[in-house]
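K.L.:
Take this structure, written in structure tokens, and hold onto it; I'll ask about it next.
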Amino acid sequence: MSSVKENLLQIKSTLPPHVTLIAVSKTKPNELLLEAYNAGQRDFGENYVQELVDKHEQLPKDINWHFIGHLQSNKVKYIAPFVYLIHGVDSFKLLKEIDKEGKKNDRVINCLLQIYIAKEETKFGLDFDEAKAILLGEDIKSLKHVCIKGFMAMASNTDNNEQIKKEFQSLNQFSKQFPELNCLSYGMSSDYKIAMEEGSNMIRIGSSIFGERNYNK
Ligand SMILES: *Cc1c(COP(=O)(O)O)cnc(C)c1O
């Protein structure tokens, strides 16, 4: 089996410079995160609030912590002091809560709107019209402690690459209406190459770096 360091460096060697690699470390022990850190990795992604809080406390302070899971409004307060980017914002209510906690912590919290592009019922996210309504609405102007940087999405869990490509393409097209929201977070271990071809500049890779997860969270 190859090491975390080898996996990481191998993937990095294939990425164009404008693409940020987020090492998705959910369920993985600190030792493995440190292996990646020692190989130069600074952006890590976590899905669970408590796990993120613990890892943030225990690991080096110059890590950029990305929250990539489904965030409940009542848990924003735990990550607001330090989170680098919240990927999964899927309602105005959540955005308002993040703004409130950003204010308390005297910081502006960077966010991505999660867009639903998959043909699956189980995934979270806004549809294009909902995202547009939030971005062009009046209410957003009062939020001074959030900054929307772009969009995040997950493609259908399928091996039909044409389908995946179409889904990523649809978001890439949509995002062009908002040129200043140019952070595009899509692509995981199985589909990041397609994602990059379709405009992604932030890929979230877990199992190809750290190995398969033991339990499917
Ligand atoms: C787990 C997860 C990933 C990484 O998935 P891999 O298939 O292990 O690369 C990426 N994005 C999100 C939102 C995830 O939950």
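K.L.:
Only residues that are within 20 Å of the chain's Cα centre (by Cα) and part of a helix (DSSP H, G or I): list them for the stretch 8-26, please.
P.N.:
8, 11, 12
K.L.:
Taking helices (runs of 4 or more DSSP H) that do not extend beyond the stretch 132-217, which have at least 2 residues that are within 13 Å of the ligand (Cβ to nearest atom)? Spell out how you get there, then give the answer.
P.N.:
On the way: elements: 161-175, 192-197, 207-210.
By residue number, 192-197, 207-210.
K.L.:
Then there's this: For residues that are open to solvent by 20 Å² or more (accessible area, probe 1.4 Å) and in contact with a Leu (Cβ under 8 Å, 6 or more places away or on another chain), scanning just the stretch 104-116, find the one that is nearest to residue 142 (Cα to Cα). First the steps, then the outcome.
P.N.:
Step one: of the stretch 104-116, the residues open to solvent by 20 Å² or more (accessible area, probe 1.4 Å) are 104-108, 110, 116.
Next, from what is left, pick out any that are in contact with a Leu (Cβ under 8 Å, 6 or more places away or on another chain): 110, 116.
Working: 110: 16, 116: 25 Å.
In this case the residue turns out to be 110.
Let's see how each residue does on (1) in contact (Cβ under 8 Å) with a residue 24 or more places away in the chain; (2) among the small types (Gly, Ala, Ser); (3) within 15 Å of the ligand (Cβ to nearest atom); (4) open to solvent by 20 Å² or more (accessible area, probe 1.4 Å):
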| site | (1), (2), (3), (4) |
| --- | --- |
| 23 | yes, yes, yes, no |
| 26 | yes, no, yes, yes |
| 48 | yes, no, yes, yes |
| 57 | no, no, no, yes |
| 75 | yes, no, no, yes |
| 102 | yes, yes, no, no |
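K.L.:
Still on this structure, please answer the following. If a residue has to be open to solvent by 70 Å² or more (accessible area, probe 1.4 Å) and farther than 13 Å from residue 104 by Cβ to count, how many in the stretch 77-87 make the cut?
P.N.:
Total meeting the criteria: 1.
The values are calculated or read from the model by the stated rules, or taken from the named source; none is laboratory data. All figures in this text were calculated on a predicted structure; none of them were measured in a lab. Please note: Cβ atoms are built from the backbone with ideal geometry, for glycine as well, and neighbour counts cover all protein chains shown. What goes into the accessible areas is simple: the full protein's heavy atoms, side chains included, and nothing from ligands, DNA or RNA. Shrake-Rupley method; radii C 1.70, N 1.55, O 1.52, S 1.80 Å.
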